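Below is one structure, written out as structure tokens; the observations come after it.
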Amino acid sequence: MSMTYTIETWGCQMNHHDSERLAGAFERAGFRAVDDPRQAGIVVLNTCSVREKPVQKLLSRIGELSNLANGPRIGVCGCVAQQEGEELLARAKAIAFVLGPGQIHRLPEALDAIARDRRVVLTGFDAAAEHNAGAIFRTSSTRGMITVIEGCNEHCTFCVVPYTRGPEISRPLKDVVQEASGLAAAGLKEIELLGQTINAYRCPVSGAGFAELLEEIATIEGPSRIRFITSHPRLFDDRLIDVLARHPKVSRYLHLPFQSGSDRILARMRRRYTRAEYLDLVRRIRRAVPDINLSADVIVGFPGESEEDFAETLSLLEEVRFGQVFAFAYSPRPRTPAARYGDQLPGEIKKRRLAALFERTDAIATELNQRLVGSVLPVLIDGESRRSASDWQGRSEDNRVVNFPKAGDFGVGEIVNVRIVRAGAHSLYGRCVEAVPARLPLAETVPAGRPADDAP
Ligand code: SAM
Ligand code: F3S
């Protein structure tokens, strides 16, 4: 078997970061990364089981890979690995190992088993497991992801994450700060802190909460931007709002899933906040940071969702006016309470509601983006635009996608000032005005995104 590997990643940021950790373990073991599975000795499928039909998708991909002439060994990681465990070995002979998201540090054992022609299943969670930040193989030279807290204790009735990623385990604050300092020293411009419920963070050593951790990271010299996902509205306190408002490096972008605008559905989802509480939180955040760019997750077609409930979701969207909305049709997940509710809705209704919702959210996002036409935004260049090789693609400080023609000798990882000339629902287009010195406080160069008087 050739000492080469490739990883195919499905799903969220956490999975993408897990792939960086897997890659780190492969590199340490002397393997070399390749892009094409036809050249790989081992192909890892890092799976997601939050929505859709993950097992079918996995088996069909395994079928394709098994037909490749080089006959790569196949490893299954991620949420499907944890959820299905042993059963996967029986369902697909081609699988060499199954490694749950809580077992990434044990990849060397799986590689050892391959060398001995044995198949292994490593699943479960271990609070004492080594996070091994030093072995992360980072793919971006502009932004670095750091896991702050693993797992989730919330048990929303629709969600499989607490089963596939286990209970919450916070990393010691000093380890996270050390990792962030390492990224700063390596010259990365943006740090993204990750956790399914990041504001549930509590340092196991000092008891410090997420606001304290964020504040410490925001004072590290070097990176210009700090972002974090995902916050649970129920746990968002004034101390955190204060850090958002006071630290110019903390991005004026916040992902704050609300899931439904109806109190009846929120209660059935076990989100443990009401519509009024969510709106009040948004009001307090916007009072402190008037031009913050808010995004959210929302589910349509949850069991028992009536037309009235759905209308409340639409009205919440009108009230808050998010810059971006990630909306999903409800999909029953194994082991979750909502999958057993008797009043499941037909696919047709879910589809219709999702389309109606996207029509409104796209219109709102377009309006918000068009207000930025004419303004100059500092943009961190991520790479070439996917649409045109003559354009760069980057992100504004408040996390909007900005494309602009390549000009001058700027490159990936640099922050440049871009004057916005056009705007759509999902991106802005502009012209480069000048490079921004990396240490300039970004807030000073950014015009107010939205007038405070139309905040809810
Ligand atoms: N930790 C996040 C939070 O605090 O809400 C969410 C994590 S989940 C991986 C990402 C999103 O997927 C959720 O916010 C939800 O909108 C969506 N999701 C989760 N389970 C779902 C299901 N069974 N059907 C449809 N969408 C779902
Ligand atoms: Fe899932 Fe709810 Fe946790 S959506 S990740 S159980 S906060």
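Descriptive notes on the structure:
- Computed from the Cα positions only, the extents of the range 10-155 along the three principal axes stand at 40, 36, 28 Å, in decreasing order.
- Using the empirical formula 2.2 N^0.38 Å as the baseline, the Cα radius of gyration of the range 326-415 reaches a ratio of 1.63.
- Fully extended contour minus Cα-Cα distance, from Gln13 to Arg360, at 0.36 nm per residue: 122.3 nm
- Efficiency of FRET between Glu216 and Glu434 - r from beta-carbon atoms, R0 45 angstrom, step 0.05: 0.90
- Selected from Val160, Val300, Ile42, residue furthest toward positive end of dipole (the chain; charges at beta carbon): Ile42
- Rounded percent of accessible protein surface that carbon and sulfur make up, the range 364-406, 1.4 Å probe: 43
- Solvent exposure of the chain amounts to 42 Å² per residue of accessible area, where only protein heavy atoms count and the probe is 1.4 Å.
- Shown are Thr230, Thr219, whose ranking by accessible area with a 1.4 Å probe and every protein chain present, most to least, is Thr219, Thr230.
- Residue order for Asp35, Asp297 - accessible surface, 1.4 angstrom probe, largest first: Asp35, Asp297
- Projecting label points 7 angstrom from Cα along Cα→Cβ for Arg116 and Lys351 puts them 5.1 nm apart.
- nm² value of the averaged projected area, convex hull over the Cα atoms of the chain: 21.6
- When you restrict to C-alpha pairs under 8 Å that are six or more residues apart and normalise by the size of the range 140-251, the relative contact order lands at 28 percent.
- Each Cα pair under 8 Å and six or more residues apart adds its sequence gap; the mean of these over the residue count of the range 230-351 is a relative contact order of 27 percent.
- Reported value for the range 140-251: 100 Å³ per residue, from the convex hull of its C-alpha atoms.
- Relative contact order %, the chain, counting alpha carbon pairs below 8 Å whose residues are six or more apart: 10
- Charges were assigned to the Cβ only: +1 to each Lys and Arg, -1 to each Asp and Glu. The resulting dipole of the chain about its Cα centre is roughly 600 debye.
- Per-residue surface analysis assigns Glu168 an accessible area of about 50 Å², computed on protein heavy atoms at 1.4 Å probe radius.
- Unpaired by the 4.7 Å Cβ criterion, cysteines found in the chain: Cys12, Cys48, Cys77, Cys79, Cys152, Cys203, Cys432
- Lys-Lys pairs in the chain that are eight or more residues apart or on separate chains and whose Cα atoms lie under 27 Å of each other come to 11.
- Residues Ile146, Ile229, sorted by accessible area with the largest first, give Ile229, Ile146 [1.4 Å probe; ligands and nucleic acids excluded].
- Accessible-area value, Arg352, 1.4 Å probe, nucleic acids and ligands omitted, Å²: 130
- Extension gain, Asp343 back to Glu367 (0.36 nm per residue minus Cα-Cα distance, nm): 5.0 nm
- Inter-label distance, Ser427 to Arg202: 4.4 nm, where each label sits 7 Å from its Cα along the C-beta direction.
- Carbon/sulfur fraction of accessible area - the range 4-122, other protein chains in place, 1.4 Å, %: 46
The values are calculated or read from the model by the stated rules, or taken from the named source; none is laboratory data. Computed from a predicted model, the values in this text were never measured in an experiment. Cβ coordinates were reconstructed from backbone atoms using ideal geometry, including for glycine residues, and neighbour counts include every protein chain displayed. Heavy atoms of the whole protein, side chains included, go into the accessibility calculation; ligands, DNA and RNA do not. Shrake-Rupley method; radii C 1.70, N 1.55, O 1.52, S 1.80 Å.
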